[in-house]
1. If a/c stays under 1.5 just call it rounded; otherwise compare a/b with b/c (prolate if a/b is bigger, oblate if not). Do that for region 55-174, with a ≥ b ≥ c from the square roots of the Cα gyration tensor eigenvalues.
2. For 143, 150, what ranking results if the residue with the fewest other Cβ atoms within 10 Å of its Cβ goes first?
3. Neighbour counts of other C-beta atoms within 10 Å: give me 142, 105, 38 arranged from fewest to most.
4. Out of region 72-169, which trypsin sites (Lys or Arg not before Pro) are coil in DSSP terms and have no more than 16 other C-beta atoms within 10 Å?
5. Treat the count of other C-beta atoms within 10 Å as a stand-in for reagent exposure and order 160, 130, 47 from fewest to most.
6. Output wanted: per-residue J couplings in Hz (rounded whole) for region 115-130, from phi through Karplus 6.51 cos²θ - 1.76 cosθ + 1.60, θ = phi - 60°, x for Gly and Pro.
7. As a quick test, which of the pairs 68/144; 84/139; 62/139 have an alpha carbon distance above 18 angstrom in this structure?
8. Counting only the backbone N, which residues of region 88-126 are under 18 Å from the spot 7 Å out from the Cα of residue 163 toward its beta-carbon?
Amino acid sequence: MMNNLFYVLLVFFMVSCSDNGEAKNESTAGNQESDETYSIENLKWIEGIWLDSTTFSFRTPKVSFMEKWKCYPDSISGKGISIKENDTTITSALCIREVNGKIKYIARPAGEAMIPFSLIFMNDNEAIFENPVNDFPQKIRYLKTSKDSLQVIISGLRPEGERAVTFKMKSVSF
């Protein structure tokens with residue numbers, strides 16, 4: 001049962017996109033939007049291997065999550081991975097690409113349909129994707145906090161109310 005919960009959380013962690021909203025640079029003064037749109041080039045900072053060892057490390061056996069991202073000229077391709085003891089499972093195929101002139105974050109959980117999220121905000125260290133019709137999460141926020149650290153915050157409404165889960169990721173290399 002708990003394994004299913006972890007799988008569901010990871011699946012939703014990797015989820016993305018809808019067709020409403022364009023990526024725009026948001027002014028910090030007054031939360032006003034500018035007309036500047038971004039390209040996939042502005043998200044190259046997500047490339048790498050990111051390991052979350054804090055979120056479910058209290059579990060026995062320990063469960064960790066990892067994302068692997070690789071940049072290509074027209075997209076950024078990724079994988080969501082669950083690590084439990086010595087067992088590694090790819091749980092989601094991930095992709096960030098331009099679709100019909102808008103940047104989308106698309107997740108395909110193992111054995112399920114693709115789930116798209118639209119980029120609604122981006123700056124040099126942050127990207128927010130939204131899919132208001134998804135059950136949970138409705139928002140996925142990537143925030144680069146340092147050269148080798150980023151946070152992934154999934155949030156939205158659940159039957160019991162507003163919910164947010166933060167994954168604190170560290171860059172790793174093999």
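1. The shape class here is rounded.
2. 143, 150
3. On the way: 142 24, 105 28, 38 17.
Starting with the residue having the fewest Cβ neighbours, the order is 38, 142, 105.
4. Working: sites: 79, 84, 97, 102, 104, 139, 141, 144, 147, 163, 168; in loops: 147.
Within region 72-169, the qualifying trypsin sites (Lys or Arg not before Pro) (loop, at most 16 other Cβ atoms within 10 Å) are 147.
5. Least to most surrounded, the residues fall as 160, 47, 130.
6. Working through the residues one at a time gives 10, x, 10, 8, 6, 10, 7, 7, 9, 5, 10, 8, 9, 10, 10, 9 Hz.
7. 84/139; 62/139
8. Label zone hits: 109.
Every number in this text was worked out from the coordinates using simple rules, so none of it is lab data. Quick caveat: nothing in here was measured; it's all calculated off a predicted structure. FYI the Cβ positions are ideal-geometry reconstructions off the backbone, even for glycines, and counts take in every protein chain you see.
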